[in-house]
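Below is one structure, written out as structure tokens; comments come after it.
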Ligand code: DGJ
């Protein structure tokens with residue numbers, strides 16, 4: 001009888017346990033449209049009670065039930081803002097440590113929080129947490145980019161225990177979302193087929209997306225994802241979170257549907273082989289997790305991310321870029337001064353801004369004539385380039401174009417003078433066979449001497465050739481046999497490697513703030529906002545077949561802006577030069593072809609296309625991107641860029657099916673225009689000798705008409721790519 005009474009009382013109290021108490025503190029992190037709300041109860045436990053649309057009245061956050069209250073949470077911390085392991089936690093932790101005295105538990109209680117305006121529209125909230133039993137502290141940082149609706153979250157960990165603390169896990173963030181269902185789109189692939197999206201409905205338990213490659217984090221699984229709530233992701237409707245971890249090394253994205261059917265998202269450095277040993281008084285700052293929450297689909301989410309990146313992350317993100325001619329596919333390793341000087345002239349004739357000399361220019365004891373030797377020996381090869389780089393820079397400049405160069409400074413070939421001189425600078429296990437990835441090994445960037453060397457490679461080239469105007473930084477190997485000859489704690493290596501790399505990049509960026517730099521990793525093996533803090537652009541894939549690139553570029557665009565996407569016209573694929581050019585134009589355009597092999601019409605078309613691009617690049621690079629027709633489910637891919645003033649737009653459409661009669665049968669509704677404005681539509685990149693039916697049409701349409709009724713770009717098997725310019729007309 002007594003037991004029954006107690007049970008009844010317990011059940012009656014259940015709903016109350018889910019509510020906020022008047023003594024609770026609410027910490028609100030708000031952008032224009034989104035709010036992340038942390039509740040701190042009387043015991044000092046910080047929990048996430050809201051992540052989604054911002055409420056009009058902040059006072060009402062106090063009414064939100066804990067855990068989206070659906071049933072009992074045995075621990076009260078399923079929705080912890082940073083779940084500590086070892087105490088009463090029952091789920092995936094955000095942090096797990098073993099204290100100096102061997103105690104394997106952590107408790108994190110709220111101490112205080114503060115909010116500061118970092119710059120116009122950027123607000124940083126810091127939440128200070130501490131273990132009540134140990135001098136062990138965690139700070140949670142939430143930087144709200146209010147206008148762009150992006151939140152950047154990271155944590156910092158420090159202690160003053162008597163001896164080092166061993167940390168088995170140290171995530172960047174710990175989010176909590178109550179919804180009916182969750183649909184995760186993650187992006188995976190390999191060399192030449194990067195960023196393939198796959199949408200899965202999350203089921204109860206854990207789903208992990210991660211990498212263990214050490215250097216080329218993005219190669220198999222990208223650190224970027226879309227998460228749609230309730231329904232699968234849609235372009236213009238529905239709640240979706242776009243997230244990406246700014247880290248160029250091993251990462252882990254953990255998604256856990258908990259026993260209450262709520263979703264916990266825990267992104268951070270991969271705990272795999274990375275128990276981090278933290279000395280007393282030292283601080284570990286975790287990489288930033290960036291996310292945006294949209295209630296109007298993936299379109300808004302990606303425009304938020306792109307705008308944020310241009311304004312706040314990518315160097316010169318709102319500035320200019322150079323069109324270029326790269327010689328990789330034109331010559332591979334087989335070039336000399338004479339050949340290169342002729343290529344400069346070709347580049348000038350074509351009309352690009354810069355010539356980029358790729359792999360193969362260095363090494364003397366072991367000349368770099370194939371990919372088996374020489375990485376590390378960054379001196380000009382005297383046979384190919386007897387007069388050195390300085391001569392080439394001058395030759396290019398006297399031809400009227402700038403000069404840039406390829407380097408891969410983190411790497412070493414087993415056959416190189418560098419390896420002979422410094423075998424202890426290489427990551428490898430002393431008692432195991434060497435494993436090579438593209439015939440090469442990785443230098444130990446946890447070693448400050450190696451950092452100095454890598455910095456010196458680029459700095460040396462720039463000091464000797466101050467007008468050299470572009471660096472392509474490649475990274476072709478993963479880390480095998482991870483072991484450093486000099487590091488104190490081997491399990492810190494994966495983290496220290498990336499930190500060492502960033503130290504070098506930071507120094508270079510500080511010394512050369514204006515230098516354009518391309519982030520490349522044997523194709524798109526390294527595309528993340530950790531490295532993109534230092535690079536003006538990235539190489540999405542070695543696969544430049546334009547049909548493939550439509551998909552690859554489309555998928556990167558969920559997270560990265562067009563100004564940073566290096567799209568080159570090459571000989572990959574069977575499509576005509578017009579199609580290849582039209583696809584490259586949707587980002588930062590470049591060439592990697594033998595210009596002298598273009599016939600008269602192809603050359604004339606390309607020269608005109610570069611002039612057109614020059615006129616429109618401002619809209620393509622700095623405008624808002626709208627995806628109109630998705631290539632995954634339709635005969636065509638169609639997307640457009642609209643200027644901020646909505647007075648100009650560029651609209652790209654490509655045929656992606658070769659079935660009989662495929663094309664744009666229906667009108668395509670435009671987006672992002674001003675309904676009240678009038679627009680004229682003109683076709684661009686019309687191939688010499690052909691006519692555009694669209695250009696006969698002198699009609700003027702309202703934005704309202706174009707967005708409600710639409711317009712047919714007339715894509716068909718005889719018009720496989722169509723570029724249209726939309727201009728405000730009075
Ligand atoms: C891989 C890159 O992705 C290519 O563009 C080219 O630079 C080669 N490396 C050179 O080795």
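The values are calculated or read from the model by the stated rules, or taken from the named source; none is laboratory data. Owing to the predicted nature of the structure, the values given are computational and were not obtained by experimental measurement. Quick reminder, even Gly has a Cβ in these numbers, built from the backbone with ideal geometry, and neighbours come from all protein chains shown.
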**Q.** the stretch 412-426: number of residues that are out of contact with any strand residue (DSSP E or B) (no Cβ under 6 Å at 6 or more places or on another chain) and in a loop (DSSP other than H, G, I, E, B)
**A.** 3
**Q.** Selected residue (criterion: nearest to residue 499 (Cα to Cα)) from residues of the stretch 407-431 that are within 16 Å of the ligand (Cβ to nearest atom) and touching a helix residue (DSSP H, G or I) at 6+ places or on another chain (Cβ under 8 Å)
**A.** 410
Q. Looking at this structure, is residue 118 surrounded by 14 or more Cβ atoms within 10 Å (Cβ to Cβ) and under 27 Å from residue 301 (Cβ atoms)?
A. no
Q: Kindly provide the set of residues from the stretch 90-116 that are closer than 26 Å to residue 279 by Cβ and outside any strand (DSSP E or B), ordered by number.
A: 93, 94, 99, 100, 101, 102, 103, 104, 105, 106, 107, 108
Q) in a loop (DSSP other than H, G, I, E, B) and either within 12 Å of the ligand (Cβ to nearest atom) or out of contact with any helix residue (DSSP H, G or I) (no Cβ under 6 Å at 6 or more places or on another chain) (or both): does that describe residue 480? A) yes
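So, in the stretch 308-327, how many residues would count as being touching a strand residue (DSSP E or B) at 6+ places or on another chain (Cβ under 7 Å) and away from the ligand (no atom under 16 Å from the Cβ)? Steps first, answer last, please.
Taking the stretch 308-327 and keeping what is touching a strand residue (DSSP E or B) at 6+ places or on another chain (Cβ under 7 Å), we get 308, 312, 321-327.
With away from the ligand (no atom under 16 Å from the Cβ) added as a condition, the list becomes 308, 312, 321-323.
Going through the stretch 308-327 one residue at a time, the tally reaches 5.
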Q: Looking at (1) under 17 Å from residue 462 (Cα atoms); (2) away from the ligand (no atom under 16 Å from the Cβ); (3) buried (at least 16 other Cβ atoms within 10 Å of the Cβ), find the lone condition where residue 399 falls short.
A: (1)
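Which one is surrounded by the most Cβ atoms within 10 Å (Cβ to Cβ), of the residues in the stretch 51-73 that are in a loop (DSSP other than H, G, I, E, B) and without any contact (Cβ under 8 Å) to a residue 40 or more places away in the chain?
The first filter runs over the stretch 51-73 and keeps only residues in a loop (DSSP other than H, G, I, E, B), leaving 54-57, 64-65, 69-73.
Going one step further and asking which of them are without any contact (Cβ under 8 Å) to a residue 40 or more places away in the chain, we end up with 54-57.
On the way: 54: 19, 55: 16, 56: 7, 57: 7.
Filtering the stretch 51-73 for residues that are in a loop (DSSP other than H, G, I, E, B) and without any contact (Cβ under 8 Å) to a residue 40 or more places away in the chain, the one surrounded by the most Cβ atoms within 10 Å (Cβ to Cβ) comes out as 54.
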Q: Only residues that are under 30 Å from residue 406 (Cβ atoms) and surrounded by fewer than 22 Cβ atoms within 10 Å (Cβ to Cβ): list them for the stretch 277-312, please.
A: 310, 311, 312
Q | Checking residue 629 against (1) out of contact with any helix residue (DSSP H, G or I) (no Cβ under 9 Å at 6 or more places or on another chain); (2) under 20 Å from residue 725 (Cα atoms); (3) surrounded by fewer than 21 Cβ atoms within 10 Å (Cβ to Cβ), the condition it does not meet | A | (3)
**Q.** Which listed residue is touching a helix residue (DSSP H, G or I) at 6+ places or on another chain (Cβ under 6 Å) and surrounded by fewer than 19 Cβ atoms within 10 Å (Cβ to Cβ), from 329, 337, 318
**A.** 318
Q. Which of the residues belonging to the stretch 87-113 are within 23 Å of residue 257 (Cα to Cα) and out of contact with any strand residue (DSSP E or B) (no Cβ under 7 Å at 6 or more places or on another chain)?
A. 87, 88, 89, 90
Q.
Just the residues that are at pLDDT below 95, surrounded by 13 or more Cβ atoms within 10 Å (Cβ to Cβ) and part of a loop (DSSP other than H, G, I, E, B), please, taken from the stretch 693-716.
A. 697
Q: Quick one: count up the residues across the stretch 542-564 that are within 14 Å of the ligand (Cβ to nearest atom) and either under 20 Å from residue 319 (Cβ atoms) or buried (at least 24 other Cβ atoms within 10 Å of the Cβ) (or both).
A: 3
Q.
Residue under question is residue 438, and the condition is that it be more than 16 Å from the ligand (Cβ to nearest atom), in contact with a strand residue (DSSP E or B) (Cβ under 9 Å, 6 or more places away or on another chain), at pLDDT 95 or above and within 30 Å of residue 324 (Cβ to Cβ); does it hold?
A. no
Q: State whether one or more residues within the stretch 647-662 are more than 19 Å from residue 627 (Cβ to Cβ), under 30 Å from the mean Cα position of the chain (by Cα) and surrounded by 15 or more Cβ atoms within 10 Å (Cβ to Cβ).
A: yes
(Q) Is it the case, given these coordinates, that residue 180 is under 15 Å from residue 228 (Cβ atoms), modelled with pLDDT of 95 or more and part of a loop (DSSP other than H, G, I, E, B)? (A) yes
Q | Filtered residues of the stretch 328-372 (kept if under 27 Å from the mean Cα position of the chain (by Cα) and within 10 Å of the ligand (Cβ to nearest atom)) | A | 328, 329, 356, 358, 359
(Q) Need the failing condition index for residue 462 against (1) away from the ligand (no atom under 16 Å from the Cβ); (2) within 25 Å of the chain's Cα centre (by Cα); (3) not in a loop (DSSP other than H, G, I, E, B), just the number. (A) (2)
Q) Residues that are within 16 Å of the ligand (Cβ to nearest atom): which strands (runs of 3 or more DSSP E) entirely in the stretch 576-654 hold 3 or more of them? A) 588-591
